Protein chains: 2
Amino acid sequence: MSLQFNLLNQTAAGGRRAQLVLPHQAVETPVFMPVGTAGTVKAVPQDVLESLDAQIILGNTYHLYLRPGHEAIRRMGGLHRFISWPRALLTDSGGFQVFSLSQLRKVSEEGVRFRSHLDGSSHFFTPEHSMDVQIALGADIAMAFDECTEYPADRTRAEESLRLTMAWARRSLDHFTAHKHEVPWFEEKGRCMQCFGIVQGGMYRDLRRESAERLVEMDQAGSGFDGYAIGGLSVGEPRDLTMEMIAEVLPLLPKDKPRYVMGVGYPDEIEQYARMGVDMMDCVLPTRAARHGLLFTSEGRLNIKGKKYAEDQGPPDPACDCMVCRRYSRAYLRHLMQAGEALSGTLNSIHNLAYYLGIMKRVRASLARREAGVSTPA
Amino acid sequence: MSLQFNLLNQTAAGGRRAQLVLPHQAVETPVFMPVGTAGTVKAVPQDVLESLDAQIILGNTYHLYLRPGHEAIRRMGGLHRFISWPRALLTDSGGFQVFSLSQLRKVSEEGVRFRSHLDGSSHFFTPEHSMDVQIALGADIAMAFDECTEYPADRTRAEESLRLTMAWARRSLDHFTAHKHEVPWFEEKGRCMQCFGIVQGGMYRDLRRESAERLVEMDQAGSGFDGYAIGGLSVGEPRDLTMEMIAEVLPLLPKDKPRYVMGVGYPDEIEQYARMGVDMMDCVLPTRAARHGLLFTSEGRLNIKGKKYAEDQGPPDPACDCMVCRRYSRAYLRHLMQAGEALSGTLNSIHNLAYYLGIMKRVRASLARREAGVSTPA
C-alpha cells in the first residue's frame, strides 16, 4: 500500500507534486475535484469532463442515498458504472449535507436523525451507516462521518463538536476496515477503497492540532486512514483564518499521505493552498457561480450578465483555450443567460471548470520545474 | 443559380435525393433540421450538433428579433457568427410565433401588430419588415411572411387567410429581391441568401393547389422563390389530412427546387414524407419531447420517467450508436430526470436528434441505392 501516494517533488514552501494511485485512476496532485452532487457535475456531460482532464470528481452521499438510493447503485455495480465515469470518484460522508440541507435534525452520540429535504421522510445516519452507504456507492475514496462545526462556534461548542467527530472517526475507520472489501468492484479491481479522516476543531488552533494528532494516532500498524482532510473551513470565516487553520494543521499530517482541504475555494485560494502543500480540493463554486453567470478568467471575475457584454465578440477569457473560449463570444454567452437557455449553464460551467483545472495543471508544472531548482525534494 | 439544387436520384414514389448548395453548407437532402429557437438548439452545444451531422438548423426570427435584436446580430456579422455555427441556417418569417406566442395581435392588410410575450412591448411586423429582420440575421434561407391558418378554419376564413398570405408572399419576394445583397456575409461569401415561399390554404385541396400555383407563377425570368414550403400543417388536424395536403401540393411544385414541409413531425412521419418527395423538414418535437423525458427509439417511444427503468442498465436504444446510447443507461437517464438535473435535457435531446438525423441518413442511403434499381432518375 506504500506506493499508492508517490511524492514526486516538494518545495521549501511545502508545495508538493505527487501521484495518488486510486483503484480507478492514477491522479496527479495537487488536484481540483469538480463536484458531481447527484451523480452529475451539473450541466456537464462526462465526455466533456474527460476532455477537460478531470481526474477525479465527487459524489454527495446524502443526495445519492436519498435518490436513487445506495442499494440501487450497489445492485448496478457502484457509482462509477451507474454514472458511466471510469476515472476516480470520492464520496463525502453525508454529514455536511445532513447539517446544511435536511430538516429537523437531532444529533446524539449514536448519530443524526434528520428529515429528507426531498420528501420529509425520516432517516438516521450513524458513522457505521455512512460507511455502509459509501461502500455501496463504491467511490475510490470514502470520508469519515463527521460533524462540520458551524462558524462562529464558541470554544465549548467547538470542543464538544470535536469530541463527537473524533469518536465518529474511530467508529468510521473501524467499520470501514471491517467492510471495505464489500465494495462492488473489489473482485474486478483487486484493490481496496480508501478512507480519509477529517480534521475539525472550529477556528481554534489547539483544537485543530489535537484533532490532527488524534486522527494520525489512529494509524496503528498501517491500519489507519489513507489520507487526511481538513473540514469545517470556508464556512463563513475570514480568509486569513482559513489559511491560519490550514497552516497549523498541515505540518502535523504525515508526509506520505494525501491532504485534502474540503470545500475551497476561489481560484487564488486553491492555488495558494496547493503551493502550501494541500494535495486535493473540491468546491461547487466553479459550477454554481457559472449557473449564475459568474465566470473566472485570467483578467478576474466576469459577470456575463453585464450589459457591456451585449455585443462583445471577444472570448470569455482571451488567455484561455478551452472549448468555450475557442468557439463562443461573451455576447453569445450573455444572450444565452438572458434568454434562460440551458446551454448557458453548460458552457459557463465548462469554462469555469477548465479554468480551475488549468490552475492546478499550472501549479503541478511549476512544482515539477522546481525539481531541479529551489525545491527540496522529499 | 441552376446548380444550387442538384437532384441525384428519384424513385417512382416521388422520393428524391439531392444536394442543396447553400452559401454556408452543401446540404444533403432529404434533411431534418433541428430547431434552434433563440440561437441555440436547446441544451445541445454546437460541437455536438456537428458531431451528430446536423447540416442545417433553424433560428426563430420572432425570438431573435425580440432578444438580442436583429440589429445587434447584424452588427456582430450575422447569426452564423453570433452563435458560432459555420454550417447552414434557416430562419422562419416570425409569422408563426407572432400568432402562437405574442399577445393582443391585430392583423391588417399591412401587417400584424402584436405585444411581446417577454415584456408586453408593442411591435408591428410587415412582410417587408420580416425580410429586413431576416436579412439582418443573415441565415442561408429566409421564409416569406405568411399567416399560418389555424385548424379548424371554415372555407371563408381559409380563403381570406390565403388571400393575405399570397399578397404578403409577393411583397416578401419583392422586398427580399431588392435587399438580399445586404446580408452581413454577402461580401465574404459572394453568394446570395435564398428565400422560400409558403403554401397555405387550410385543409382545402383546391385552396392548397391555388396557393402552390400562385407562388410558382411568381417566378418570372428566374426571379421567383428559391424553394417552396408547405405551411399550416401539423396544427391539430388528423395525420391523414396532413398527408393528403402534402400529396396534393407536391406535384405542383417545380422539380428543380427544394420542397420543405414545416413543423413536422413524428419519426414515422418524417420518413414517410421524405419518401414522398419532401426535401426538408423541421420540428421541435425531438428536443421538446426529450426535455419531458420522451425518447424516440427503434423499439418505439420510451418514457424515461417510468419506474421500470429505475435499474435498467441497458442503453436507451439498443440499436442506436449515438454518444448517449454508447455511454449511458436508461437507469441513469431516469435518475437525471427524476433529480431535475440539467444533463437530463442535454442527453435526451442528443439521443432524439441522433435518432431523427439517423432516419434521414437511412432514407438518403436507401434513395441512393435505388439509383440502379427501381427508381426513376430525374
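Scanning the stretch A:100-111 turns up one or more residues that are under 17 Å from residue A:172 (Cβ atoms) and among the acidic types (Asp, Glu). Within the stretch B:83-110, the set of residues being of a type in the set (Phe, Trp, Tyr) and assigned to a loop (DSSP other than H, G, I, E, B) comprises just one member, B:85.
Residues of the stretch A:95-136 that are touching a residue at least 60 places away in the same chain (Cβ under 8 Å) and of a type in the set (Val, Ile, Thr): A:133 alone. Scoring residue A:160 on the criteria (1) crowded, with 17+ Cβ neighbours inside 10 Å; (2) under 23 Å from residue A:110 (Cα atoms) leaves a single failure, condition (1).
Of all residues in the stretch A:14-36, none are facing chain B (nearest Cβ under 8 Å) and in contact (Cβ under 8 Å) with a residue 24 or more places away in the chain.
With respect to being basic (Lys, Arg), more than 21 Å from residue A:201 (Cα to Cα), outside any helix (DSSP H, G or I) and open to solvent by 50 Å² or more (accessible area, probe 1.4 Å), residue A:113 fits the description. For the stretch A:83-96, the set of residues classified as within 14 Å of chain B (Cβ to nearest Cβ) and open to solvent by less than 20 Å² (accessible area, probe 1.4 Å) consists of A:83, A:85, listed by residue number. Exactly one residue among B:197, B:202, B:222 is in contact with a Gly (Cβ under 9 Å, 6 or more places away or on another chain) and in a loop (DSSP other than H, G, I, E, B), and that residue is B:202.
For the stretch A:211-270, the candidate set comprises residues that are among the hydroxyl-bearing types (Ser, Thr, Tyr) and in contact with a helix residue (DSSP H, G or I) (Cβ under 9 Å, 6 or more places away or on another chain); within that set, the residue that is surrounded by the fewest Cβ atoms within 10 Å (Cβ to Cβ) is A:223.
Away from chain A (no Cβ under 14 Å) and either of a type in the set (Gly, Ala, Ser) or open to solvent by less than 10 Å² (accessible area, probe 1.4 Å) (or both): is that true of residue B:359 in this structure? The answer is yes for residue B:359.
Scanning the stretch B:299-342 for residues that are touching a Cys at 6+ places or on another chain (Cβ under 7 Å) and either surrounded by 22 or more Cβ atoms within 10 Å (Cβ to Cβ) or more than 11 Å from chain A (Cβ to nearest Cβ) (or both) yields a total of 2.
The residue list A:153, A:167, A:136 contains one member that is open to solvent by less than 10 Å² (accessible area, probe 1.4 Å) and either among the aliphatic types (A, V, I, L, M) or assigned to a loop (DSSP other than H, G, I, E, B) (or both), which is A:136. Name the one entry in B:369, B:364 that is at pLDDT below 95 and in a helix (DSSP H, G or I). Selected residue: B:369, the only one of B:369, B:364 that is at pLDDT below 95 and in a helix (DSSP H, G or I). Summed over the stretch B:316-347, the residues that are within 23 Å of residue B:50 (Cα to Cα) and either over 29 Å from the mean Cα position of the chain (by Cα) or free of Cβ contacts under 8 Å to residues at least 12 places away in the same chain (or both) give a count of 5. Name every residue in the stretch B:225-274 that is part of a loop (DSSP other than H, G, I, E, B), in contact (Cβ under 8 Å) with a residue 12 or more places away in the chain, out of contact with any Leu (no Cβ under 8 Å at 6 or more places or on another chain) and not basic (Lys, Arg), in order of residue number. Residues satisfying the conditions are B:226, B:231, B:232, B:233, B:234, B:235, B:236, B:237, B:253, B:254.
Taken over the stretch A:272-288, the criterion of being surrounded by fewer than 20 Cβ atoms within 10 Å (Cβ to Cβ) and either of a type in the set (Gly, Ala, Ser) or more than 15 Å from the chain's Cα centre (by Cα) (or both) is satisfied by A:272, A:275, A:276.
Scanning the stretch A:1-10 for residues that are open to solvent by 10 Å² or more (accessible area, probe 1.4 Å) and touching a residue at least 24 places away in the same chain (Cβ under 8 Å) yields A:1, A:2, A:4, A:5, A:7, A:8, A:10.
The values are calculated or read from the model by the stated rules, or taken from the named source; none is laboratory data. Note that this is a predicted model, so its numbers are computed, not measured. No Cβ is skipped: glycine too gets one built from the backbone with ideal geometry, and neighbour counts run over all protein chains shown. Heads up: the accessible areas ignore ligands, DNA and RNA and are worked out on the full protein's heavy atoms, side chains in. Shrake-Rupley method; radii C 1.70, N 1.55, O 1.52, S 1.80 Å.
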